[in-house]
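Colleague: For reference, the structure I am asking about is given below.
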């Protein structure tokens, strides 16, 4: 390293503690939204795919919200209240999203959670929770609160604002359920880049980390009561060349099968054991609070019995101050859930049938989801698939969240990731139905009902489709409905809800034909799009016609060259006119724009209230701490040294007065009043704190300035020793540096001398804020000289 390079490095590194470069960055998030837990992941510049920790530093958060009279609690905080006051805690909302009030799933939810008052929304036919006479909340609003909370956790972890997200949903979610999740996200202020099926997210996570191993073999992943057949292969694309791709080939599911159902059975078993002890004359099943405690214990017990053959269930003060204690064995638990375990292979068989594959063609069986940890579930699955072992080479809890956040980064314009194509599949077929008048051979006119498959079962998406209606010369109506759902059981069909999606009323068809009566009709074309979220959208409807080009005049024909006079086929000019579309939703009516705005305002008001409460508590704590800490400081030597007796007496009196005010009315005071009281005390003590702080920092500040002066002096001497032929500085620059060094030394010595004459109770002459400009001046002169 040359002398010049050494001097340059010294000059630059000496400035690193002054200049800081802050770059603006963006982040995206994912929410793996399970029925009981949610996992949140983020991607931001420098932090690829990381699970966001919650406020308890845990990697997963309960999907629960508690609505108390003056505050909301989420996650573990909400669960803590559930055992004391289950009426105000809302959980497992996924099962009633996009459901009408008469859906069996709603009745089942009410049976599981009788503490909630659920009522029918006469406008939409759905349900809402009546919290009080003034307040009611829809399932979408409650889920919106939880999603907004998840966004807050992600932002705290990422240390920046986030608005873009990918959210996981069960593959068995139909159109109404998917729209409900999107509505909840909209209420929460989240921009949903995509709803991704949870099994698809798992498959993506699996494939992203195994790009080199991708071939055409299939994998099957089981997520609780869902099973998915996935194939991986490399494909050629016009945009990106050869890229890996996953294709969902088959999906099987059982809506009422899962870990929660096992926990409910275990809860009821514990209730039966308590009643049999006859320590109370009351039936524990009629006590909502006691049943909430038993459910919590059942959830813990299910986890423990996965690793132990038996365990002791115990709850202090379960009911009427009676403690509960009972031994439960794994065999007892398995007997309670025997019929559930018998249903475990069902989704796998259904997925294989969809994919038209056998287990011999399956490469790996991968377990995902909480209930797959139950040993009996693993045994049943292993026997059903006929494999030697079940693969456990991915993080079962976090795979979906990580796959979803990879997709979020891929969809975001802020990041560039290696492409991994995802071809999901529509679980439920969708068709278009319409009636048209036809004339038989005998001249009798009849109405014929027609059906056209729009998306068949397991059709890949995203995908666009066009349906052409011929022979219509006037306005007409067609219907968008689900196709053949014969693969669903009778119970599943009832839970599924309406099989009719939308009535489409077209107007302006007749006038469009009259406008171009001489043109040849190419039919009425309806353009459909099943987007990345699996939501079907009718983009537009237009009437298409073909019109022959106008004949050329004789003059134009005479100008043609001989070789151009050969007859050529005339191209028909295409005419397209938009048709007015009226939509009538037949499954679950979406909230109106006005209703959505009301919901957003309702949630914003609650958020503002929560923030106000948090701010008030923060100010209250700060005021309380300031009073006690400052009273204590007035007995410490470093503070006693800088205050006069009169000043001490004044501060002590004000602090005592504030303390009394706190006891009498301060704890009920508003935020504004608390702020004013704290500001008044801080202003009174500001001079004292300043003097103490300055005296503390003088040694370090003086040492730092002396160090700079010493280095600068050495630097100046070193430069003057450089031969004139190699000199890189001008004489003016060196004299300027010498002058600044001397002036700074003089200023320092004079300031220290003046400070020594002052009393500790006076405003200090030597202040830290005056040291930095002097140090910077010396450094900058060296740096700018180097640049020159």
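None of the figures in this text is laboratory data; all of them are computed from the coordinates on show. Keep in mind that what you see is a predicted model, and the values were worked out from it rather than measured. All Cβ positions, glycine included, derive from the backbone under ideal geometry; neighbour counts span all protein chains shown.
Colleague: Which whole-number percent is the relative contact order of segment 625-704 (Cα, under 8 Å, 6+ apart)?
Modeller: Computed value for segment 625-704: 40 percent relative contact order.
Colleague: Does anyone have the angle between helix 175-187 and the longest principal axis of the chain? Alpha-carbon axes, 0 to 90°, nearest 10?
Modeller: Approximately 20 degrees, to the nearest 10.
Colleague: Which distance in Å, rounded to a whole number, links the C-alpha centroids of segment 631-688 and segment 130-191?
Modeller: So the separation of the two Cα centres works out to 45 Å.
Colleague: With a Förster radius of 60 Å, plug the Cβ-Cβ distance of residue 379 and residue 525 into 1/(1 + (r/R0)^6) and report the FRET value to the nearest 0.05.
Modeller: FRET efficiency, residue 379 to residue 525: 0.65.
Colleague: Next question. What is the chain's relative contact order, in percent, from Cα pairs under 8 angstrom and six or more apart in sequence?
Modeller: On the way: 1244 pairs, mean separation 85.4, N = 788.
Contact order relative to length: 11 percent.
Colleague: Give the calculated FRET efficiency between residue 622 and residue 85 to the nearest 0.05, with a Förster radius of 25 Å applied to their Cβ-Cβ distance. Walk me through the numbers before you get to the answer.
Modeller: Working: r = 30 Å, r/R0 = 1.21.
That pair, residue 622 with residue 85, gives E of 0.25.
Colleague: Also: Label point 7 Å out from residue 132 along Cα-to-Cβ: which residues of segment 56-91 have amide N under 16 Å?
Modeller: Residues passing the 16 Å test: 66-73, 87-89.
Colleague: Using helices alone, I'd like the mean residue ellipticity at 222 nm for the chain: each DSSP H run of four-plus residues gives -39500 (n - 2.57), total over residue count, nearest 500.
Modeller: The helix contribution divided over the chain gives -14000 deg cm²/dmol.
Colleague: Rounded, prolate or oblate: which fits segment 602-787 when a ≥ b ≥ c are the square roots of the eigenvalues of the alpha-carbon gyration tensor, with rounded for a/c under 1.5 and prolate only if a/b beats b/c?
Modeller: Taking the square roots of the gyration eigenvalues as a ≥ b ≥ c, segment 602-787 is oblate.
Colleague: State whether the chain is rounded, prolate or oblate according to the following rule on the C-alpha gyration tensor (a ≥ b ≥ c being the square roots of its eigenvalues): a/c under 1.5 gives rounded; otherwise a/b larger than b/c gives prolate, and the remaining case gives oblate.
Modeller: Because a/c hits 1.5 or more and a/b fails to exceed b/c, the chain counts as oblate.
Colleague: Could you work out how far apart the two model spin labels at residue 511 and residue 275 are, taking each label as a point 7 Å from the Cα in the direction of the beta carbon, and quote it in nm?
Modeller: Here the modelled spin labels are 6.8 nm apart.
Colleague: Let me ask you something else. As I understand it, the value is the acute angle between the Cα axis of helix 198-208 and the longest principal axis of the Cα atoms of the chain; what does it come to in degrees, rounded to 10?
Modeller: Roughly 70 degrees between the two axes.
Colleague: Nearest 10 degrees is fine. How inclined is helix 345-355 to the longest principal axis of the chain, computing both from alpha carbons?
Modeller: 70 degrees
Colleague: Which value in nm describes the separation of the simple spin-label points at residue 673 and residue 300, placed 7 Å from the Cα toward the beta carbon?
Modeller: Computed distance between label sites residue 673 and residue 300 equals 4.2 nm.
Colleague: Over segment 259-343, what is the relative contact order in whole percent, taking alpha-carbon pairs under 8 Å and six or more residues apart?
Modeller: Reported relative contact order: 28 percent.
Colleague: Let me ask another. Quick one: which of 728-734, 525-531 comes out on top by average Cβ neighbours within 10 Å, and what's the full order, highest first?
Modeller: Sorting 728-734, 525-531 by mean packing, highest first, produces 525-531, 728-734.
Colleague: In terms of the Cα gyration tensor, with a ≥ b ≥ c the square roots of its eigenvalues, is segment 61-163 rounded because a/c is under 1.5, prolate because a/b exceeds b/c, or oblate?
Modeller: It comes out prolate by the Cα gyration axes.
Colleague: Taking the Cα of residue 539, stepping 7 Å toward and past its beta carbon, and measuring to each backbone N in segment 451-494: which are under 12 Å?
Modeller: Residues 463-467 fall inside that zone.
Colleague: What ranking do 653-660, 256-263, 164-171 get when scored by the average of other Cβ atoms within 10 Å per residue, highest first?
Modeller: In descending order of packing, they fall as 164-171, 256-263, 653-660.
Colleague: If I model a spin label at residue 453 and residue 475 as a point 7 Å from the Cα along the Cα→Cβ vector, what separation in nanometres do I get?
Modeller: 3.4 nm
Colleague: I would also like to ask the following. Give the distance, in whole Å, between the Cα centre of segment 313-391 and the Cα centre of segment 401-447.
Modeller: 33 Å
Colleague: Let me ask you something else. By per-residue mean of other Cβ atoms within 10 Å, what is the highest-first order of 97-104, 460-467, 644-651, 81-88?
Modeller: Taking the mean over residues of other Cβ atoms within 10 Å, the ranking is 97-104, 81-88, 460-467, 644-651.
Colleague: Cα centroid distance between segment 480-528 and segment 72-101, in Å?
Modeller: 38 Å
Colleague: With r as the distance between the Cβ atoms of residue 611 and residue 191 and R0 = 25 Å, compute the FRET efficiency 1/(1 + (r/R0)^6) and round to 0.05.
Modeller: 0.70
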